[in-house]
1. Taking the stretch 141-167, which residues are among the acidic types (D, E) and part of a loop (DSSP other than H, G, I, E, B)?
2. Hey, can you tell me all the residues within the stretch 144-169 that are within 25 Å of D30 (Cβ to Cβ), touching a residue at least 60 places away in the same chain (Cβ under 8 Å) and not polar (S, T, N, Q)?
3. Take the conditions farther than 29 Å from G163 by Cβ, part of a loop (DSSP other than H, G, I, E, B) and without any contact (Cβ under 8 Å) to a residue 40 or more places away in the chain and apply them to A23. Does it pass?
4. Return the residues of the stretch 113-135 that are assigned to a strand (DSSP E or B) and either farther than 16 Å from V151 by Cβ or over 16 Å from the mean Cα position of the chain (by Cα) (or both); say none if nothing qualifies.
5. Please count how many residues of the stretch 181-191 are in contact with a helix residue (DSSP H, G or I) (Cβ under 8 Å, 6 or more places away or on another chain) and farther than 17 Å from G97 by Cα.
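The values are calculated or read from the model by the stated rules, or taken from the named source; none is laboratory data. Given the structure is predicted, the values throughout are model-derived calculations rather than measurements. Cβ sites come from the backbone with ideal geometry, for glycine too, and all protein chains shown count toward neighbours.
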Amino acid sequence: MVVPANPKIYHIVHVDRLPSIIAGGALWCDGRVIRQGAEGTTIGMSDIKRRRLEELTLENSHPELFVGECVPFYFCPRSVMLFLIHMRNHELAYKGGQGPIVHLEADLYEAVEWAEEHDKRWAFTLSNAGSYYFEDRCSLDDLEEINWDAVRALDWRGGLKEGKQAEFLVENHFPWRLVRRIGVHSERVYRQVLNLLPDDGHRPTVEIKNDWYY
């Protein structure tokens with residue numbers, strides 16, 4: 001598969017989690033959030049979060065590192081997970097829909113450079129890192145193994161679902177200052193995010209991105 005010239009990565013959070021991210025200067029892995037607590041709404045499936053923390057490791061790349069001890073990103077907006085949130089899937093405790101969810105966009109190569117400079121392990125998976133059968137890699141030379149057609153697909157039926165859920169994972173935390181853009185669903189959330197950003201700190205570009213949502 002042809003790797004994009006400048007691949008981006010996307011982390012999704014409820015907008016009310018932004019104040020704690022900004023105050024702490026970082027996005028934190030689920031392991032730390034659960035141990036220490038964090039203000040704001042938790043999204044995602046609790047049983048899969050537990051599995052990522054207690055059972056699943058990056059077997060090929062860092063076999064002693066649990067998936068849940070990493071900050072996860074997708075390689076695209078409008079993820080399969082966001083669809084489940086939009087549909088208010090019965091397995092989700094969160095039932096608020098996609099409206100309050102924001103996309104935090106960063107640059108993949110910049111993320112890898114930061115991780116290596118700060119001795120943070122990183123990897124990417126070829127499918128959902130919450131499943132029992134994903135494959136992981138930790139070399140940028142292997143990016144072509146990602147199904148980029150699936151990642152880019154807006155309609156991921158017909159066998160594209162697994163490839164679309166490929167993840168980038170970085171150990172422990174990811175710096176807020178590397179978030180380059182925030183994509184939101186509506187004017188209301190756009191204004192909410194602008195009001196949350198510090199006047200004298202890092203202020204990513206904020207855009208209403210309807211095509212990043214269902």
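1. Let us first name the residues in the stretch 141-167 that are among the acidic types (D, E), namely 141-142, 144-145, 149, 155, 162, 167.
D155, the sole residue that qualifies.
2. I146, V151, W156, K161, K164, A166, E167, F168, L169, listed by residue number.
3. Details: farther than 29 Å from G163 by Cβ: yes; part of a loop (DSSP other than H, G, I, E, B): no; without any contact (Cβ under 8 Å) to a residue 40 or more places away in the chain: yes.
No, not satisfied.
4. Filtering the stretch 113-135 down to residues assigned to a strand (DSSP E or B) leaves 122-125.
If the condition is that a residue be assigned to a strand (DSSP E or B) and either farther than 16 Å from V151 by Cβ or over 16 Å from the mean Cα position of the chain (by Cα) (or both), then W122, A123 are the ones that fit.
5. Within the stretch 181-191, the subset in contact with a helix residue (DSSP H, G or I) (Cβ under 8 Å, 6 or more places away or on another chain) is 182-185, 189.
Pick out the ones that are also farther than 17 Å from G97 by Cα and you get 182.
Looking only at that region, the number is 1.
Here is a yes/no grid of residues against (1) outside any helix (DSSP H, G or I); (2) surrounded by 13 or more Cβ atoms within 10 Å (Cβ to Cβ); (3) modelled with pLDDT of 95 or more:
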| residue | (1), (2), (3) |
| --- | --- |
| L169 | yes, yes, yes |
| F174 | yes, yes, yes |
| I182 | yes, yes, yes |
| Q192 | no, yes, yes |
| D200 | yes, no, no |
| D211 | no, no, yes |
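Results for (1) of a type outside the set (K, R); (2) surrounded by 21 or more Cβ atoms within 10 Å (Cβ to Cβ); (3) in contact (Cβ under 8 Å) with a residue 24 or more places away in the chain; (4) in contact with a Leu (Cβ under 8 Å, 6 or more places away or on another chain), shown as yes or no for each residue.
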residue: H11; (1), (2), (3), (4): yes, no, yes, yes
residue: E54; (1), (2), (3), (4): yes, no, no, no
residue: C70; (1), (2), (3), (4): yes, yes, yes, yes
residue: C76; (1), (2), (3), (4): yes, yes, yes, no
